[in-house]
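Heads up, the thing below is written out as C-alpha cells.
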Amino acid sequence: MRYFIELSYNGSAYHGWQNQPTAISVQEVIEKGLSTLLKTPTAIVGAGRTDTGVHASQMFAHFDTDQELDEAHLTYKLNAFLPKDVAIHEIFKVKPDAHARFDAVSRAYLYRISLKKNVFNVESAYYVKQPLNVENMQKACSILFDYTDFQCFSKVNTDVKTYNCEIMKAEWFFKDDELHFVIKADRFLRNMVRAIVGTMVNIGLGKMAVDDLHTIIQSKNRSEAGYSVPGHALYLTEVAYPNDIKL
C-alpha cells in the first residue's frame, strides 16, 4: 500500500531535502522516524528537492508499506519522534501508482525580501539595503509568461531532459516591511527561483533594464542571468495534485 505524507519544515538546520552522504537532510530524519515506528527500513520519495536552508510550508512525500496503518496515530507518533523543525500534518492512503513527484501538477514558492534591518527576520528573509524599483520588477514578471525554456535560470550540469516550465503566476507585493515574490509553475529547475529573484533584484537596483530579461532568457546561459539569492528566505508553499489521487 502507498501512503502520502503532508509535512512542513524549517530548513535552517538541513542541507536540503534530499539524502546526503555527509550531511543531515529532511528526508533522512523522516525516513529514520518512519523506519523506527514501522520497525522496518522505509524509504520516502519527495515531491521535489529543496536546497540547503530552504523551507517548506507544504511538502509531500510517499512511502510504501505492507502494514495497514492507523494514519492519525502514526502522524501523532511521528511528530513526537521528529525534531521541532519538521512537522507532519497528515498521512493518507493513495492509489498504488500515485507518485509524490511525478503526479504533482503545480508547485508554488515564496521569496521574502526585508526592506529594513529587522533583528527578528534575519533567518527568514533576505535583507536588501538599497532601494528597489518594484514597478520595474513587476514589469519583469510579465516577461516570464512569454517563455517556457528557462535554462538561463537553471543550475548548470543538471541531469534534466528539458528546461521547459509553464509559469502560471509570478508577482511581487508588499507585506509590512517586506517585499514578497510568489511564483507558481508546473515544475521548477534546480536553483530556478533563486536565480529569477536575483535577476529581478538586479533589475530593481537598476543594474539591468527590464527588457534585458528577454535577452537573458533567450541566451539560455546561466552566466547571463543574475546572482542566486540566499536560500534562507525561500519557501515551498504549495504542491498540488489531481483530486482523485487520494483513496
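Here is how the numbers come out for the structure above:
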{"read-out": "Bridge type composition, the chain - antiparallel percent by DSSP, nearest 5", "value": "90 percent"}
{"read-out": "Under 5 Å, built H, 5+ apart or other chain: amide partners of residue 126", "value": "112, 113, 114"}
{"read-out": "Along principal axes, Cα extents of the chain, largest first, whole Å", "value": "58, 41, 34"}
{"read-out": "Top of 169, 129, 184 by mean-square fluctuation, Gaussian network on the chain, Cα under 10 Å", "value": "129"}
{"read-out": "Residue 214 accessible area, assembled protein chains, probe 1.4 Å, Å²", "value": "50 Å²"}
{"read-out": "Scattering curve values for the range 58-190, log₁₀ I(q)/I(0), Debye with Cα scatterers, q = 0.12 Å⁻¹", "value": "-0.74"}
{"read-out": "Residue-normalised accessible area of the range 77-121, expressed per residue, 1.4 Å probe, Å²", "value": "56 Å²"}
{"read-out": "Crossing angle, helix 192-204 versus the chain [Cα axis fit, 0-90 degrees, rounded to tens]", "value": "30 degrees"}
{"read-out": "Gaussian network model of the chain, Cα within-10 Å springs - most flexible of 218, 151, 27", "value": "218"}
{"read-out": "The chain: angle of helix 71-81 to the longest principal axis, Cα-based, in degrees nearest 10", "value": "70 degrees"}
{"read-out": "Residue-level accessible surface for residue 38, protein heavy atoms, 1.4 Å, Å²", "value": "10 Å²"}
{"read-out": "Lysine pairs within the range 53-194, Cα separation less than 24 Å, 8 or more sequence positions apart or different chains", "value": "18"}
{"read-out": "Rounded to the nearest 20 debye, dipole of the chain from Cβ charges on Lys, Arg, Asp, Glu", "value": "520 debye"}
{"read-out": "Sulfur and carbon atoms: percent of accessible area, the chain [1.4 Å]", "value": "49 percent"}
{"read-out": "Positive-end extreme of charge dipole, the chain - chosen from 16, 148, 78 (charges on Cβ)", "value": "16"}
{"read-out": "From the C-alpha gyration tensor of the range 126-199, square roots of 5λ in Å", "value": "24, 14, 10"}
{"read-out": "Accessible-area value, residue 119, 1.4 Å probe, nucleic acids and ligands omitted, Å²", "value": "110 Å²"}
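The values are calculated or read from the model by the stated rules, or taken from the named source; none is laboratory data. Please read these numbers as outputs of a predicted model, since none were measured by experiment. FYI the Cβ positions are ideal-geometry reconstructions off the backbone, even for glycines, and counts take in every protein chain you see. Each accessible area value is taken on the protein alone, full model and side chains, heavy atoms only, with ligands, DNA and RNA left out. Shrake-Rupley method; radii C 1.70, N 1.55, O 1.52, S 1.80 Å.
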